[in-house]
Amino acid sequence: MQFMLLLIPPLLLVLIRTGSGDRRGKFESAGDHLSPDDTLFVHLRCFELFAAASDDQSSDRERDASDWLLATNSSYMRKTDRSPDFLNCVLTKLQLYDDHHQMFKTLILTNQHRTYGNWMNLSVESVQSFSDDLYRAVVQSSASESLFAAFEPVFHRHQNTFFQLFLRDPIVLDNWYRQKGSDERNPNKTVVDFCEHHMSEELRSDICLIRSYQISNRTTEMEKHIDCIFRGFRYITSSGLIDVSEILRDYQLVSSLNDTILTHVRDCSDNYASIEVPVIKRSLQMYTCLLEGTLADAFKEAFDYREIRSGNLSHMLHKLPYNREQTKLQILALDKAQCDDQQTQTGRHNSA
């Protein structure tokens with residue numbers, strides 16, 4: 001896994017290995033099931049960690065994307081030197097595999113079918129058959145290759161069931177989004193845009209102030225709005241814990257992560273988003289803390305880039321380098337769509 005180590009400096013690597021956002025850790029979902037947004041995020045994050053590097057043959061990365069993100073057939077399990085680690089990452093984050101005990105977990109299959117079965121073409125018997133085969137599968141060692149070998153024959157017998165249950169089947173997704181409409185975030189809509197669409201009418205009158213990183217005095221509604229964004233960014237888990245490693249990762253992507261920022265983010269989490277703070281208040285308190293003092297601009301830059309990336313998969317698929325000026329222009333365009341010209345000019349990037 002030399003590719004992984006080259007991408008992530010030691011400072012962040014420690015956090016990723018030990019934090020709630022580690023590369024094979026359980027993915028925190030919205031509850032006992034995974035939404036389409038959840039399962040897409042799992043696949044995108046695992047692709048980001050294990051796909052061919054952008055400086056390798058570009059066709060390798062494109063093939064990885066085709067196999068892992070777009071395929072709904074046997075090519076999903078095409079064997080390469082990267083695919084076992086990708087599979088380990090995905091199955092663990094989908095709560096289908098426990099890498100500590102080296103065994104498959106099948107409760108998530110029942111939960112997925114119970115929650116989304118109306119949009120699927122799956123019988124209870126087909127889900128049970130998949131579950132039974134996983135129960136019988138034996139993973140011989142902790143190596144990713146061993147998991148791949150155990151899962152591969154089960155996958156080939158139940159690939160249609162797998163893709164439907166984890167909401168990667170295009171027909172299931174089309175049925176779901178068509179019925180749910182704007183209630184669920186579409187992958188080409190940014191997290192912030194989605195949350196703004198769902199903010200209260202009361203808070204909407206402050207939207208331009210909020211987009212320029214000011215805190216509305218409509219506290220209850222502001223708490224809900226920032227909580228929506230933090231959950232979409234995975235800055236806060238379903239159990240209400242701030243994921244420091246996920247926040248620091250965004251600083252790293254804009255090349256601003258250092259020891260001072262690391263300490264600052266951890267202190268904000270410890271002091272303003274601890275378990276003593278009610279869950280609904282944690283996101284806003286963490287957000288407010290990160291916007292205080294001389295490190296505010298670094299947070300704004302990381303936050304802006306996360307907003308853009310959340311609605312544009314090409315950044316991840318092609319591993320596009322961070323372009324500060326381009327990101328500023330894209331953010332200003334989003335600001336302008338919500339605010340008039342005068343308000344846009346007083347926005348978030350005036351001091352940048």
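Read-outs throughout are calculated quantities, based only on the coordinates presented, and are distinct from any laboratory measurement. Small disclaimer: the values here were computed from a predicted structure and weren't measured. Counting neighbours? That spans all protein chains shown, and the Cβs are built from the backbone with ideal geometry, glycine included.
In the neighborhood of ARG157, defined by Cβ-to-Cβ distances under 13 Å, what is the net charge if each Lys or Arg adds +1 and each Asp or Glu adds -1? Don't skip to the end; give the middle numbers.
Working: positive: ARG136; negative: ASP132, ASP133, GLU152.
Every neighbour counted, the sum reads -2.
Can you give the angle from 0 to 90° between the axis of helix 170-180 and the longest principal axis of the chain, with both taken from C-alpha atoms, to the nearest 10?
Orientation of helix 170-180: about 40 degrees from the principal axis.
Provide Rg and Dmax in Å for the stretch 61-187, with only Cα atoms included in the calculation.
Over the stretch 61-187's Cα set, Rg and Dmax evaluate to 14.8, 45 Å.
Compute the long axis of helix 296-309 from its Cα atoms, compare it with the longest principal axis of the Cα atoms of the chain, and write down the angle in degrees, 0 to 90, nearest 10.
With both axes taken from Cα atoms, the answer is about 40 degrees.
Work out the charge dipole of the chain with +1 on the Cβ of Lys and Arg and -1 on the Cβ of Asp and Glu about the Cα centre, then indicate which of SER35, HIS197, CYS208 is farthest towards its positive end.
SER35
Can you find, among SER274, TYR116, GLN128, the residue sitting farthest towards the positive end of the charge dipole of the chain, where Lys and Arg contribute +1 and Asp and Glu -1 at Cβ?
Going by the Cα projections, it comes out as GLN128.
Quick one: net charge around ASN271, please, counting Lys, Arg +1 and Asp, Glu -1 for every other residue with C-beta under 15 Å from its C-beta.
Residues near ASN271 contribute -1 overall.
What is the diffusion coefficient of the chain in µm²/s, taking the Kirkwood radius over Cα pairs and the Stokes-Einstein relation at 20 °C with a viscosity of 1.002 mPa s?
For the chosen part, D equals 100 µm²/s.
Please give the charge dipole size of the chain, origin at the Cα centre, charges +1 on K and R Cβ atoms and -1 on D and E Cβ atoms. Round to the nearest 20 debye.
Value, rounded to 20: 360 debye.
Could you work out the Kirkwood radius for the stretch 195-352, taking every pair of different alpha carbons, averaging 1/r and inverting it, reported in Å?
Kirkwood hydrodynamic radius for the stretch 195-352: 16.1 Å.
How many nm is it between the label spots at ALA53 and ARG178, if each spot is 7 Å from the Cα in line with the beta carbon?
4.5 nm
May I ask you to give the average projected area over all directions of the convex hull of the Cα atoms of the stretch 241-287, in nm² rounded to one decimal?
3.0 nm²
Mind pulling the angle between the C-alpha long axis of helix 83-93 and the longest principal axis of the chain? Nearest 10 degrees, somewhere in 0 to 90.
The two axes meet at around 70 degrees.
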